[in-house]
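Beneath this line is the structure, given in structure tokens, with notes to follow.
The values are calculated or read from the model by the stated rules, or taken from the named source; none is laboratory data. Note that the structure is predicted; figures quoted are calculated from it, not measured. Cβ sites come from the backbone with ideal geometry, for glycine too, and all protein chains shown count toward neighbours. These area figures cover heavy atoms from the full protein model, side chains too; ligands, DNA and RNA do not enter into them. Shrake-Rupley method; radii C 1.70, N 1.55, O 1.52, S 1.80 Å.
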Amino acid sequence: MSTIREPAVAGLFYEGDPARLRESVDAMLATAAGGATPKAIIVPHAGHIYSGPIAASAYALLRDAADTIRRVVLLGPSHRVGFLGLADSGADSFRTPLGDIPLDREAINAIETLPQVHHLDQAHQLEHSLEVQLPFLQRMLGEFSLVPLVVGDAAPDEVAEVLERLWGGPETLIVISTDLSHYHHYDEARRLDGATAGAITALRPEAIGYDDACGRNPLNGLLRLARERGLRIEQLDLRNSGDTAGDKDRVVGYGAFALYEEARDVLH
């Protein structure tokens, strides 16, 4: 009997009605420019009215990738459950109002041999950092399999080791879900997030601290591996809730970035 991880924040963080959800996601994607298909993207995870337009700037790059990308490795921070390492899910699929996404059980089984990966459905049950990304992926990719990982207290090298094992080829997309600074005044947030964005584009995980990004653990793991692999990174958007749907007194920062594998010379 198959098990399904039911949506926890449909109707709260994004539209719960399928038609309205399709319409809202497509509208955000329509305003974003396209471009080359990345190997990895970094996207925010607040309610769609707040961070959706920023996330859309990264997801719009997948317009021509539906026939290529067949698996998405999705990492985000834990907001509700404290634990060490990375938590996978025992579900067979994750559900949104747009349908069910099958999990890649073979890939999940392969990383469960790593000591930092644990089976912990409790970490997934109410977590929004992964869920809010799924409607964007469904609209851009159609059918694909998912490797969802909630990241707890994990060092960059622990995350990087998991990503290395799941890296794959063009068929695999890596998605890191993180917001930036929280609850500063608009001007201070812009200063702080500008510094964090500079560290991200410089591939300097050691410069991103506890208060700089709520998803710093998965983010820093990707940046560590991206530096080792020689990936190129582009900043796509950098705004905050004061720019989208909130006031400017206490804002949350959002950034979107794309990472590309550079062609390497081959000696014959």
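If you add up the charges near Arg70, with Lys and Arg at +1 and Asp and Glu at -1, over every other residue whose beta carbon is less than 13 angstrom from its beta carbon, what do you get? Could you put the intermediate results ahead of the total?
Details: positive: Arg71; negative: Asp67, Asp104, Glu106, Glu143, Glu171.
Charge balance in the 13 Å sphere: -4.
So with the 1.4 Å probe, I'd like the accessible area per residue for the chain, rounded to whole Å².
Values: 11530 Å² over 268 residues.
That works out to 43 Å² per residue.
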*Using a Gaussian network for the chain with springs between C-alpha atoms less than 10 Å apart, which of these wobbles most: Glu158, Glu23, Glu106?*
Glu106
_Integer Hz, Karplus 6.51/-1.76/1.60 couplings in order for the stretch 223-230, x for Gly and Pro_ = 4, 4, 6, 4, 5, 5, 8, x
*asked:* Once R0 is set to 45 Å, what does the formula 1/(1 + (r/R0)^6) return for the Cβ-Cβ distance between Asp121 and Asp187, expressed as a FRET efficiency to the nearest 0.05?
replied: 0.60
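What does the helix-only formula give at 222 nm for the chain: each DSSP H stretch with n ≥ 4 adding -39500 (n - 2.57), the total divided by the residues, and the result rounded to the nearest 500 deg cm²/dmol? Don't jump to the answer; show the numbers that get you there.
On the way: 10 runs with 94 residues, N = 268.
Result for the chain, helices only: -10000 deg cm²/dmol.
Counting other Cβ atoms within 10 Å of each Cβ, which chymotrypsin sites (Phe, Trp or Tyr not before Pro) in the stretch 193-268 have at most 14 and sit in a DSSP loop?
Values: sites: Tyr210, Tyr254, Phe257, Tyr260; in loops: Tyr210.
Passing sites in the stretch 193-268 are Tyr210.
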*Could you check the simple spin-label distance between Ala30 and Glu228, using points 7 Å along Cα→Cβ, in nm with one decimal?*
4.4 nm
*Going through the stretch 183-268, which trypsin sites (Lys or Arg not before Pro) have at most 16 other Cβ atoms within 10 Å and a DSSP loop state?*
Lys248, Arg250, Arg264
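What does the net charge come to around Arg224 if you take all other residues with beta carbon closer than 11 Å to its beta carbon, with K and R at +1 and D and E at -1? Could you put the intermediate results ahead of the total?
Values: positive: Arg204, Arg227, Arg229; negative: Asp157, Glu158, Glu161, Glu164, Glu206, Glu228.
It works out to a net charge of -3.
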_Can you tally the net charge around Thr113? Count Lys and Arg as +1, Asp and Glu as -1, for every other residue whose Cβ sits under 13 Å from the Cβ of Thr113._
-3
